[in-house]
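Single-structure report; data block below.
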2 protein chains.
Amino acid sequence: MRWSELKDQPCSVARSLSIIGDRWALLILRDCFLGVRRFDHFQSRLGATRHVLSDRLKTLVRAGVLTRKRYQERPARSEYRLTAMGLDLYPVIVSLTHWGDRWLADRRGPPLALVHTRCGATGTATLTCAECHEPFDARSARVEFRFAEPPFAGAAE
Amino acid sequence: MRWSELKDQPCSVARSLSIIGDRWALLILRDCFLGVRRFDHFQSRLGATRHVLSDRLKTLVRAGVLTRKRYQERPARSEYRLTAMGLDLYPVIVSLTHWGDRWLADRRGPPLALVHTRCGATGTATLTCAECHEPFDARSARVEFRFAEPPFAGAAE
């Protein structure tokens with residue numbers, strides 16, 4: 001399978017990865033959620049070459065995840081902001097953060113904390129069923145195949 | 001920044017991506033959550049070369065995300081299973097799935113559905129605050145920097 005074929009796979013994970021399945025793209029998105037908007041700022045934080053950074057930003061704009069807006073005319077300068085589609089990636093970034101906090105932190109603990117403004121609790125973002133409010137984890141969920149190909153004969157319901 | 005430096009960044013997203021920030025790795029993990037365990041099965045589903053697949057599986061085993069277990073001696077055959085660390089990546093895969101379902105599905109709709117076995121609801125996995133049970137989204141959370149470098153001077157609290 002080529003990467004250009006990913007977006008045509010009958011799989012939402014593969015389609016998502018065709019846009020954001022790249023470490024630079026995910027680090028750019030992390031920075032967007034921290035409020036970074038300008039090219040030079042992304043570059044100084046990420047240490048990517050201008051070419052790579054420009055390429056990834058273009059891909060994200062083309063996909064509708066970021067929008068580009070001119071904020072200065074001479075010299076021409078643009079900033080990048082998350083669209084509704086981009087903001088909706090928050091659970092992906094938070095899940096990566098919490099996993100890293102839990103399994104990869106060093107002695108100092110998590111480098112930053114996500115605070116739920118409403119109640120003031122920290123590090124409490126949890127995948128939950130919106131219907132019954134119980135945890136939604138690998139052990140409490142199953143897959144129903146619609147038209148995706150199940151990995152095993154007979155696995156489809 | 002080189003990829004080999006990612007794991008040393010004071011950022012849980014960067015550290016997570018040093019292990020799973022690769023489309024093959026994430027597709028392998030998707031398949032693991034669907035019950036795929038064997039090399040040839042991964043290969044036929046992913047279409048990766050044996051070299052690439054073997055390399056990514058080794059990385060995931062070395063990182064502690066998968067465990068490798070011999071299930072046959074002649075010829076030698078192993079299978080790969082998610083460890084506790086690997087199972088804990090479920091929210092990442094589910095978030096990628098739901099995002100793709102919402103923004104990238106074609107006319108047919110989502111290719112598969114995640115059913116919460118406990119209550120039977122479908123597609124209801126939501127990031128929620130474990131403390132107050134309200135949604136945990138980009139608008140309702142803020143970042144407190146501990147020792148990570150904030151993107152703006154004065155952004156640290």
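The values are calculated or read from the model by the stated rules, or taken from the named source; none is laboratory data. All values reported here derive from a predicted model rather than from experimental measurement. For neighbour counting, all protein chains shown are included, and Cβ atoms are generated from backbone atoms with ideal geometry for every residue, glycine included.
Just a few scattered comments:
- Checking A:Lys7 against (1) closer than 22 Å to B:Leu29 by Cβ; (2) in contact with an Asp or Glu (Cβ under 9 Å, 6 or more places away or on another chain); (3) among the basic types (Lys, Arg), the condition it does not meet: (2)
- Selection count, region A:29-75, where residues are more than 14 Å from every other protein chain (Cβ to nearest Cβ) and either touching a Leu at 6+ places or on another chain (Cβ under 6 Å) or within 24 Å of A:Lys7 (Cα to Cα) (or both): 8
- Within region B:67-85, residues that are in contact (Cβ under 8 Å) with a residue 24 or more places away in the chain and within 17 Å of B:Leu26 (Cα to Cα) reach partners that are of a type outside the set (Val, Ile, Thr) and part of a strand (DSSP E or B) with beta carbons closer than 8 Å, at six or more positions or on different chains, in the pairs B:Tyr80/B:Arg38; B:Tyr80/B:Leu66; B:Tyr80/B:Arg68; B:Tyr80/B:Lys69; B:Arg81/B:Leu66; B:Arg81/B:Lys69; B:Leu82/B:Leu66.
- Per this entry, B:Pro110 is not counted among residues that are closer than 18 Å to A:Leu89 by Cβ and more than 7 Å from chain A (Cβ to nearest Cβ).
- Qualifying residue in region A:49-64 (condition: modelled with pLDDT of 95 or more, of a type in the set (Ser, Thr, Tyr) and surrounded by 15 or more Cβ atoms within 10 Å (Cβ to Cβ)): yes
- Residues that are among the hydrophobic types (A, V, I, L, M, F, W, C), in contact with a strand residue (DSSP E or B) (Cβ under 9 Å, 6 or more places away or on another chain) and assigned to a helix (DSSP H, G or I), drawn from region A:4-51: A:Ile28, A:Leu29, A:Cys32, A:Phe33, A:Phe39, A:Phe42
- In the set (1) in contact with a Lys or Arg (Cβ under 9 Å, 6 or more places away or on another chain); (2) modelled with pLDDT under 95; (3) not assigned by TED's automatic domain parsing to the domain that holds A:Arg23, the condition left unmet by A:Ala148 is number (1).
- Some residue of region A:74-84 being in the same structural domain as A:Val36 (by TED's automatic domain parsing), among the hydrophobic types (A, V, I, L, M, F, W, C), at pLDDT 95 or above and buried (at least 18 other Cβ atoms within 10 Å of the Cβ): yes
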